[in-house]
1. Hey, any idea what the orientation-averaged projected area of the convex hull of the stretch 427-529's Cα atoms comes to, in nm²?
2. Hey, what do the phi angles of the stretch 321-328 turn into as Karplus ³J(HN,Hα) couplings, whole Hz, using 6.51/-1.76/1.60 and θ = phi - 60°, x for Gly and Pro?
3. Does the stretch 654-720 come out rounded, prolate or oblate by the C-alpha gyration tensor, with a ≥ b ≥ c the root eigenvalues, rounded set by a/c under 1.5 and, if not, prolate when a/b is larger than b/c and oblate if not?
4. Once you've got the Cα coordinates, tell me which of Lys110/Lys131; Lys576/Lys606; Lys100/Lys256; Lys544/Lys593 are over 20 Å apart.
5. Could you provide, to the nearest whole Å², the per residue accessible area of the stretch 427-529 with probe 1.4 Å?
6. Measuring from centroid to centroid over Cα atoms, what is the spacing of the stretch 180-216 and the stretch 385-403 in Å?
7. Just the projected area, averaged over all directions, of the convex hull on the alpha carbon atoms of the stretch 537-632: how many nm²?
8. Translational diffusion coefficient of the stretch 42-105 at 25 °C, 0.890 mPa s, Stokes-Einstein with Kirkwood Rh over Cα pairs, in µm²/s as a whole number.
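The values are calculated or read from the model by the stated rules, or taken from the named source; none is laboratory data. Just so it is clear, the model here is predicted, and its values are computed rather than measured. Every residue, glycine as well, gets a Cβ built from its backbone with ideal geometry; the counts of neighbours run over all protein chains shown. Areas reflect the complete protein model, heavy atoms only, side chains present, ligands, DNA and RNA absent. Shrake-Rupley method; radii C 1.70, N 1.55, O 1.52, S 1.80 Å.
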Amino acid sequence: MLRKARIIFILLNLLCFASVFSQKKYFQQEVNFNITVRLNDSLHELNAFEEITYINNSPDTLKEIYFHLWPNAYSNSETALSKDLLDAKNTVLYFAKPEKLGFIDNLDFKIDDAPVSWSYYKDNVDICVLKLDKPLLPSGNILIKTPFHVKIPEGKFSRLGHIGQSYQITQWFPKPAVYDLNGWNMMPYLNQGEFYSEFGSFDVSVTLPRNYVVGATGDLVNGETELEWLNVKAKQTRLKKDFHPNDLSFPESDKKLKTLHFHQDKVHDFAWFADKRWNVLKGEVELPDSKRKVTTWTMFTDLDAGYWMKSISYVNDAVYYYSNWIGEYPYNHATAVEGALSAGGGMEYPNITIIGNANSDFELEQVIMHEVGHNWFFGILGSNERDHPWMDEGVNSFYESRYLQTKYPKNSILSAYAPKRKNIFGLGKFPHRLMYYYAYLFSALNHKDQPIEGKSDIYSSTNYGTIVYMKSAAFFDYLKSYLGEEDFDKAMQEYFNQWKFKHPHPKDLKNVLEQQTGKNLNWFFDTLINTTTKVDYKVASIKKGTTTENEMGYCYKIKIKNKGDVVAPFCLSGIKNGEISSTKWYEGFKGKKTFTLHYIDVDKVKIDADYFIPEINRKNNTIKTKGLFRKVEPVKLQLLWAIDDPNKSQILFFPVIGWNYYDKWMPGISIYSNPIFPKAIDYLFVPMYGTKTKELVGSANIGATIFSKNNFFQAIRIGLAASQYNYDFDKKSLNFNKIAPEINFEFKNKNARSHIKSNFRFRNLNINQEKLVYDKVGLEYVSKVKSSSRYLNDFLYQYSNSRIINPFNFNVNVEQTDKMVKASATLNYRITYYKKNKGLDIRLFAGKFILDEISNSSEIDYRFRLTGQDGRRDYKFDNYFLGRSETNGLAGQQFVENDGAFKTPTVLGQTWDWLGSMNLKASLPIKVPINIFADLGFFENQSVASKSSFVFDAGIQISIFRNICDIYLPLLCSENIKNAYGYSNMKFAEKIRFTFNLNQINPFKQIKNIE
Ligand SMILES: [Zn+2]
């Protein structure tokens, strides 16, 4: 026994030893660059030569070195960048003309002066691998040299580019990938997803015409003449009064050239920007601790000069605040330049940031300070931004929010966008910092939430903003509030000191914060950062208890319930007359727990009164200390929309007016649940008054959605829809109403970036319809109104892929009622050509009656129709018609593009058997939305004894609002249509038909479809 136990003990010891031993120690490579580059501003090219000293600090022997050749991302429509842009529905690179593209070539790699063989890495033209003839040993170094030539792409695609002679030279030179504990980190250039590079020093000499203003990473070496020239420019700009935003033409380039030499240590990238038109401002900021002075520059055209004239103070304040909160700025200058950036509002590089168009002072300040802030989270703390984008974007957005909150404590969420409006939609009440909380709440309540930790390519383009930036910022605000500002800052300063000029990982941030604060932060890093777990505490009850701790002799016992799935800290506040009198933080717990409050002079107790916690449901956070209905909040009517106010029971409404031929004008009101922050129950009631019929008309919709955690369904909604309007027959006004319970299964889509959606819906339609029947009384027919009811079961499966190139969708529909079953399938496929939203639309339809025992006797005409349904044929009462019973006039020319979807009106192709059609629409390469269409159809022709018929037509479509309102002018058709009953009597104007599809404009649906 003992012996055995001993062996196990020894084994365990060995195991521990082995695991410690195999845990490699942190290391990082050093890469030093020496680049000479010449700009050709008539051909938009760079001709350059690069020398790299690569120092292997790893314990490994390297047999190859991976390089990024990122300008090749712009070389064709198949690159990772082009695909990444397409995922975000951006086709600008995909459809770019060849002369607008960019690339890098003339490469001739040599290692220690000997040629080296290299090849592209797999299918990536922007990554290559150099095979080393002599392996690079640990602590060895090699000199890698290559000339290179860059054709600068047009500046419309992403970060590298030129707009005319304005140059943004970024991600532009051959650059080794990072080699770290995980091996080589090669990554194709992407728009959504940033970078990871080795630290080192840069010596870059740029040669270009003398009259270019250049902003770059690094300090000028022997740059006295250039600095003097810039100082003069700065003086001129300060005095300049007449900016010409409408004249942004480029002055002629100076025939004489200049060479500017930049040097910078301890950075991992080098970018430069050049523009002959720039105004220049120069400033200085004294760092809070060392009092060292940092020079600040801003460079900008006349375009937004009004905003930019104040820009120096933004750079200064950003450098100051970040130095104060995190750690001192280690470089000599911080610069912001204006450029036509095509990747977000701004982009950061060491020492220098590029800023796109601004629309207000506040927006410009926000973008400048955010990008300057990246000098810390990206520049100095060089995380792998591709694998952990929140470590730079998220943490930096948190500090951005903190900067704005500190500098403008009175600013509300609205200030940035509508500074003059005091309080629209209730937004004016909330401080600016809550913008990111509400963005998170939007994702969470719409069930689009994703974990903060994730590689950049797992996020949809909306989520890259709302999760990586905003959710992270809101959650770090929570962490800071819990730890307290002082402790949080100390811990972050320690993180900075330990990890500056290195590559920290998420665990490194967690370790430092835990060590510094002495707290276990698993709930934050392991749960809230790594998963989509929600925080929700609820006040369950309040009771008076006895105490000796105050003179009154009583206290409040508050029972709190943790309804969320994480044991996370929370805070409780006492509220007196709407003011917070005291707030205290508590550690998290599971289940229910009672807390004692000794501050008793309060009228409410509230969880997280200051909105520090990303609480998913604030409705259950408050309880009154007195009264009967302690949790009930007053009702508030709100026109149009308002942000969620947990202190009110909001009812959103909006006046509406409808129109149809029979009810005429229908004034009414719509009352609806919050479409932006949805709850489990959604509703939309639209009662209206028919001014002609003097009847209550309108519609109502209510549903409950369950979001399932299984892998099959995303959501299941059970709903009820009802509507009631009038139509007429023989000038007699008749009523119809419909009640339809339904259940909808939305299938799960595992990849947030995918554009695929699918669902299955079952509806049971119950239609009550007044009809006019005629009785023969003597020799005359007398009409009378008779009510009839019927049902129809409607099964629909829909699948759509809304990708930007060649999107398609299809559906299968089965309808069943007494003695009748019909089935149909529709496919819509677009072959995209020429540009976004242009292409050839192909629609295929096939329909067949599976059971028909009523065709001869049915009161309701369920036939398939070659020409789609008009108002009289809409037996499901699913569509909106101006005049449902009209056969003549404008109202009679409205139809729905379903069934055969022929545009030419004809009596042909109304069948109780089968129908098939193909409908084509082709965009023309012109600006106006005029398309050509053609329809081909086959159907069982019962009038020509069991023969089938083939028909076609063609004409012009004018698209007023695509898929909502289209007008069709039929120009030609097959002989059988021409010979059919009624055709020859119709004038051309009467053959024109149009669609008016109100179902497409539903804000509830539009919010759901945000990708
Ligand atoms: Zn950023």
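1. Approximately 7.6 nm², given one-decimal rounding.
2. 4, 5, 4, 5, 7, 10, x, 5
3. Details: a/c = 4.20, a/b = 2.86, b/c = 1.47.
Here the stretch 654-720 falls in the prolate category.
4. Values: Lys110/Lys131 11 Å; Lys576/Lys606 11 Å; Lys100/Lys256 28 Å; Lys544/Lys593 16 Å.
The answer is Lys100/Lys256.
5. Working: 3450 Å² over 103 residues.
Heavy-atom SASA per residue in the stretch 427-529 reads 33 Å².
6. 20
7. Numbers: hull surface 24.2 nm².
Convex hull of Cα atoms, orientation-averaged projection: 6.0 nm².
8. Working: Rh = 14.7 Å.
The Stokes-Einstein estimate is 167 µm²/s.
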